[in-house]
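What follows draws every value from the coordinates through simple rules; no lab data is involved. Computed from a prediction, not measured in an experiment: that's the story for all the values here. When we count neighbours, we look across all protein chains shown, and the Cβ atoms used for this are built from the backbone with ideal geometry, even at glycine.
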Amino acid sequence: MKNKRATASMKTRRGWRGVVLSAGLILLLVSAWSGARGEVKPQFGLEGYGGSNKLFILSPWVGFRIGLGHQASLIFRYHYHNFRYDYYGSDSGGGPVLRTMKADVGRLAGTVYFAESRLSGYVNLSYLAGSDSYRGFLADSGLEYKFSHHLAGLWSVYSVREKSVLWHPEEEVRWINTYSMRFGMKFWPIKNLAFNPNLYLMKNSEEVEGVSYSFGLIYSPKWWLAVHAYYFRYGETAFYVFHGNYFSCGLNFYF
């Protein structure tokens, strides 16, 4: 048993080295290609998310923005996600036992972003890989329309196809598709500070449906800096371990 665990651990470490090296190579090539034209701009940040059942996700990220004109940009990013949460599994006799799930997931993302005087939006495609042969493909897009200097409307759609061993430990490994839609608003009660409530509708390929909401604050005293803090309430029709309350915060730099 120890040999199997050691082998699995070694494979995971080797896989992660490959992901990290690939991400570094891609970002280096983008930097070199764009730097020759004076168009590359760095981006980086650190985000944390946690709540029910001791879920905690730490997510540092780094990337580059390439200008495609006055109103559009191409953005490449690499996100590293470190997961940890508690869940009840089964012991050798079939009884419940509290266990801790730990995992690492890397995400390579490419995004096209555009902005006009009132309307801005994005289209994003991502590839995910991580511990225990985790794999995923993600696509999302969104729009933001400013009605005035103090009010904006938000809409986005999100779809991910992933191997679900990360979220369903001790169940059979299988692919699950999840779809989500968000409706939100932004209010600026004072300069540089936005209040952002959101409503999320979710459904997956296993007929699980959910309705969640969030609200938070985004402070951006400079055009290249954004600090956010959010409260999330997650709910779904199936009783899973993640039903509950969550909080997130982040410090991000968008040059």
Fill in the blank from the handout: Most exposed to least, judged by fewest other Cβ atoms within 10 Å, 163, 222 sort to 222, 163
Problem - Amide H contacts under 5 Å for residue 55, placed H, 5+ residues apart - result: 86
Handout entry: Nearby aspartates and glutamates by direct alpha-carbon distance to residue 186 (threshold 19 angstrom, same-chain neighbours under 8 apart not counted)
Key = 116, 144
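Among 86, 104, which comes first, second and so on when ranked by fewest other beta-carbon atoms within 10 Å?
With the sparsest Cβ surroundings first, the list reads 86, 104.
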Fill in the blank from the handout: Rounded to one decimal in Å, the inverse mean reciprocal Cα-Cα distance for region 154-212, i.e. its Kirkwood radius, is 13.6 Å
Completion exercise
For region 159-251 the GluC sites (Glu not before Pro) that pass both the DSSP coil test and the at-most-12 other-Cβ-within-10 Å test are 170, 171, 172, 206, 207
